[in-house]
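I have placed the structure first, in the form of structure tokens, so that the comments after it can refer back to it.
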Number of protein chains: 2
Amino acid sequence: MALVVQKYGGSSVADASCIKRVAQRIVATKKAGNDVVVIVSAMGDTTDELLDLAQQVSPLPPGRELDMLLTSGERISMALLAMAIANLGHEARSFTGSQAGVITDSSHGRARIIDVTPGRIQEALGNGQIAIVAGFQGVSQDTKDITTLGRGGSDTTAVALAAALEADVCEIYTDVDGIFTADPRIVPTARKIPRISYDEMMEMAACGAKILHLRCVEYARRFNLPIHVRSSFSTKEGTWVVSDPDSEGTEMEQPIISGVAHDRSEAKITVVGVPDKVGEAATIFKTLADAEINIDMIVQNVSAAATGRTDISFTLPTTDSSTALTALKKIQDRIGFESLLFDDQIGKVSLIGAGMRSHPGVTATFFAAIANAGVNIEMISTSEIRISVIVGQDEVDAAVTAAHHAFNLDADQVEAVVYGGTGR
Amino acid sequence: MALVVQKYGGSSVADASCIKRVAQRIVATKKAGNDVVVIVSAMGDTTDELLDLAQQVSPLPPGRELDMLLTSGERISMALLAMAIANLGHEARSFTGSQAGVITDSSHGRARIIDVTPGRIQEALGNGQIAIVAGFQGVSQDTKDITTLGRGGSDTTAVALAAALEADVCEIYTDVDGIFTADPRIVPTARKIPRISYDEMMEMAACGAKILHLRCVEYARRFNLPIHVRSSFSTKEGTWVVSDPDSEGTEMEQPIISGVAHDRSEAKITVVGVPDKVGEAATIFKTLADAEINIDMIVQNVSAAATGRTDISFTLPTTDSSTALTALKKIQDRIGFESLLFDDQIGKVSLIGAGMRSHPGVTATFFAAIANAGVNIEMISTSEIRISVIVGQDEVDAAVTAAHHAFNLDADQVEAVVYGGTGR
């Protein structure tokens with residue numbers, strides 16, 4: 001008998017008939033002899049509707065009250081799901097984040113989990129009950145106030161509870177079949193990845209693959225908890241996210257490249273004419289950090305000897321742009337830079353693969369593919385298992401398609417590489 | 001500085017603009033130098049919408065999960081109200097029933113309050129904050145599960161918290177100006193009652209006056225807590241419910257009759273041909289009690305000597321009728337009664353007044369007024385301060401109007417009786 005943690009997102013519980021279907025799936029897992037803990041998000045558009053109500057009464061609602069408001073969404077979906085399961089003849093108990101023992105810090109709207117004490121969940125499982133837990137929410141250790149975990153919160157709740165309960169697997173249900181080598185809407189021949197490492201999945205998530213949030217993968221990696229990303233519309237195997245994807249005892253070598261990710265949500269700011277003195281760059285990024293802005297890529301040009309000045313470009317979430325520009329303008333006189341350039345018509349294309357560590361020439365192949373597609377590269381950043389480039393936003397599709405093809409990720413060839421044992 | 005507890009019902013917080021208006025009223029009370037604790041119901045039709053959702057997933061949802069679902073309604077309204085107050089520059093904190101220390105038994109859907117430990121509310125007040133508390137909900141002492149208090153639950157929450165906090169007054173806001181001598185929709189000349197005793201108010205509530213629930217008046221009476229029923233649409237004084245309405249130091253005597261209440265929500269069941277043996281009636285009412293049915297009035301005919309059989313009639317909430325009829329049919333053979341008659345076309349008209357204790361002839365005047373209106377009386381029941389009769393449902397308005405007039409309750413005359421000192 002295994003302990004299975006399942007997470008269903010808002011689209012999986014969008015209305016009563018969806019909830020009933022999810023209930024059947026949960027009961028089937030229980031009937032197969034498993035203990036089952038379910039983490040559920042708010043129904044469909046509930047969160048947006050609640051945010052709209054909040055806006056109607058206050059342009060800038062206090063974080064504590066906004067969390068109190070938003071957490072009612074999961075309370076509705078989890079109670080309905082427990083009822084639907086009861087209606088199928090199985091006993092289910094719903095628990096708020098607080099009741100489930102999800103203890104967080106006090107940062108309303110983006111709280112971090114600092115402990116999980118799932119005593120009530122274990123008690124319910126001990127009684128043969130299915131436990132339904134509200135995703136996205138917890139209770140602050142200091143103030144005992146209700147908190148929310150921010151983006152990717154429900155996935156993180158699922159992984160955190162699974163880790164605390166020492167579950168055998170955390171199943172993340174979504175509306176696609178798993179993690180693909182590229183977004184199938186851009187590359188129709190993209191292939192489902194059967195197994196992927198935590199490291200690669202983290203790079204994929206950080207580079208714009210939206211199926212799993214970076215934060216939940218980090219959490220799973222720390223506790224070595226297997227994640228199974230799969231469709232709530234089929235019983236097909238999805239993608240397993242594990243520490244060692246090649247440990248299945250086969251002779252296959254790891255593919256060089258796992259996939260191509262893209263992200264259109266970033267913008268680029270260039271600080272023009274920064275005096276080339278020690279500490280100027282540090283002041284700029286300290287200012288941005290104080291404004292709680294997450295910087296992604298950074299490029300500093302070689303200083304022009306004639307002027308003693310340099311340009312510094314960086315990318316950041318487009319939604320943080322105005323905050324960043326405001327913060328930078330405040331220090332313009334102190335730093336003495338000349339001007340700020342802003343560009344939100346950019347996109348990031350990333351190649352991810354643990355295999356590139358031991359395969360020289362990956363970078364060259366990637367750049368050549370993009371160049372052959374007629375796409376200009378504006379910025380470059382690399383890690384051990386990733387290469388990212390910034391291109392024009394309307395050139396993202398062409399770059400993704402070219403890279404996907406250059407590394408033989410398209411379904412026809414790739415099936416042979418991975419399963420056919422070509423020895424690559 | 002006083003401690004004021006205010007309760008706003010669902011229609012007072014039906015949408016964003018209503019919530020903003022209520023927020024202004026709360027802030028005005030705070031600015032006048034009071035500590036303020038607010039109990040709030042779910043917005044408008046929220047509870048009905050949630051019940052509808054529950055019905056869609058399960059015809060008979062478990063009580064625990066239904067409570068979990070329904071309590072999300074107050075969570076939404078209280079958070080929005082706290083935001084609206086914050087937007088007016090005052091600090092407000094919302095608290096769930098559990099956070100406010102409303103401890104109940106485990107009877108989901110109709111939990112009884114067994115303790116109130118409002119430590120967090122007192123802390124908020126100590127910090128100069130306005131406390132917003134979810135009405136209608138609590139947490140069970142044994143299981144730590146979320147419970148709801150059933151009908152009149154938000155009023156009861158308000159009175160219970162006011163008692164625990166030793167508040168100076170509990171203000172119940174509603175959409176009418178107070179308690180009237182009769183329903184103004186039936187008797188346009190009905191008059192607002194300025195002060196009424198707990199006992200009379202309890203009889204009014206039990207007899208169908210819908211403004212205050214019996215349960216909350218009982219609670220206030222036990223703790224001798226003044227209730228002020230008033231309109232959320234005006235600043236006029238409403239009706240004070242207190243232990244001794246005549247203690248204001250005036251020379252006025254108490255009016256004989258406080259008001260006329262009516263109730264169309266009951267039905268009548270007659271058990272025909274019950275063998276006139278010891279214990280048969282007891283068996284019938286034991287059966288109904290076991291089915292958790294609240295009986296109101298009971299009439300047993302004098303036994304017909306020829307047959308040795310009698311008829312027993314009783315009234316009960318119409319919604320309990322089918323349960324009662326089913327339970328009675330099960331014991332028909334054992335009891336040996338002949339048949340069951342059912343009538344849901346009845347109405348109850350009640351005359352309430354502490355003054356009738358010391359004024360003979362009230363009953364005669366009441367019956368004469370009803371007879372003169374051409375209305376037939378089907379059943380009668382009395383208490384020290386109340387007379388109730390059952391009449392045909394379509395004759396309720398005529399009976400109420402006749403009784404109201406017979407006791408000079410109509411506004412023109414009554415103003416003289418109460419304020420003019422006629423010495424009656």
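Overview of values
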read-out: Relative contact order %, segment B:3-249, counting alpha carbon pairs below 8 Å whose residues are six or more apart; value: 20
read-out: Residue-count net charge about B:Ala158 - beta-carbon cut-off 10 Å; Lys, Arg +1, Asp, Glu -1; value: -1
read-out: 7 Å along Cα→Cβ, label-point gaps from A:Gln393 to other copies, nm, shortest first; value: 6.3
read-out: Pairwise label distance in nanometres, A:Asn294 with A:Leu88, each label 7 Å out on the Cα-Cβ vector; value: 3.5
read-out: Built amide H within the under 5 Å cut-off of B:Gln6, gap 5+; value: B:Val37, B:Val38, B:Ile39, B:Glu171
read-out: Low-density loop positions, GluC sites (Glu not before Pro), segment B:262-346 - DSSP coil, at most 12 other Cβ in 10 Å; value: B:Glu292
read-out: Theoretical FRET efficiency, 1/(1+(r/R0)^6), r = Cβ-Cβ of B:Asp175 and A:Asp276, R0 60 Å, to 0.05; value: 0.25
read-out: Protein accessible area in segment A:250-424, 1.4 Å probe - carbon and sulfur %; value: 51
read-out: Inter-site label distance for B:Glu384 and A:Lys330 at 7 Å from Cα along Cβ, in nm; value: 7.1
read-out: Drop in accessible area of at least 30 Å² in the complex versus isolated chain, residues of segment B:76-104, 1.4 Å probe; value: B:Ile76, B:Ala79, B:Leu80, B:Met83, B:Asn87, B:Arg93, B:Ser94, B:Gln99
read-out: Protein-protein interface of segment B:3-22, residues with accessible area decrease of at least 30 Å², isolated chain reference, 1.4 Å probe; value: B:Ala16, B:Lys20
read-out: Cα-based shape type of chain A, given that a ≥ b ≥ c are square roots of the gyration tensor eigenvalues and the cut on a/c is 1.5; value: oblate
read-out: Computed accessible area, B:Asp320, all protein chains, 1.4 angstrom probe, square angstrom; value: 40
read-out: Area hidden from solvent between B and A (accessible, protein heavy atoms only, 1.4 Å, total, Å²); value: 3300
read-out: Buried on assembly, segment A:37-67 (at least 40 Å² less accessible surface than by itself, 1.4 Å probe); value: A:Leu53, A:Gln56, A:Val57, A:Arg64, A:Glu65
read-out: Solvent-accessible area, 1.4 Å probe, carbon plus sulfur percent, for segment B:3-249; value: 48
read-out: Cα centroid separation, segment A:172-194 to segment B:167-234 (Å); value: 63
read-out: Virtual spin-label span in nm between A:Asp142 and B:Asn376, 7 Å along Cα→Cβ; value: 7.5
read-out: Segment B:250-424, accessible area per residue, ligands and nucleic acids excluded (1.4 Å, Å²); value: 49
read-out: Accessible area per residue in Å² at 1.4 Å probe, computed on segment A:3-249; value: 36
read-out: Efficiency of FRET from Cβ geometry, B:Phe342 and B:Ser11, R₀ 35 Å, rounded to 0.05; value: 0.55
read-out: Rg/Rg_globular for segment A:137-277, with Rg_globular taken as 2.2 N^0.38 Å and Rg from C-alpha atoms; value: 1.24
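The values are calculated or read from the model by the stated rules, or taken from the named source; none is laboratory data. What you are looking at is a predicted structure, and each value in this text was computed from that prediction instead of being measured. So basically every Cβ, Gly included, is an ideal-geometry build from the backbone, and we count neighbours across all protein chains shown. Calculation scope for accessible area: heavy atoms of the full protein, side chains included, ligands and nucleic acids excluded. Shrake-Rupley method; radii C 1.70, N 1.55, O 1.52, S 1.80 Å.
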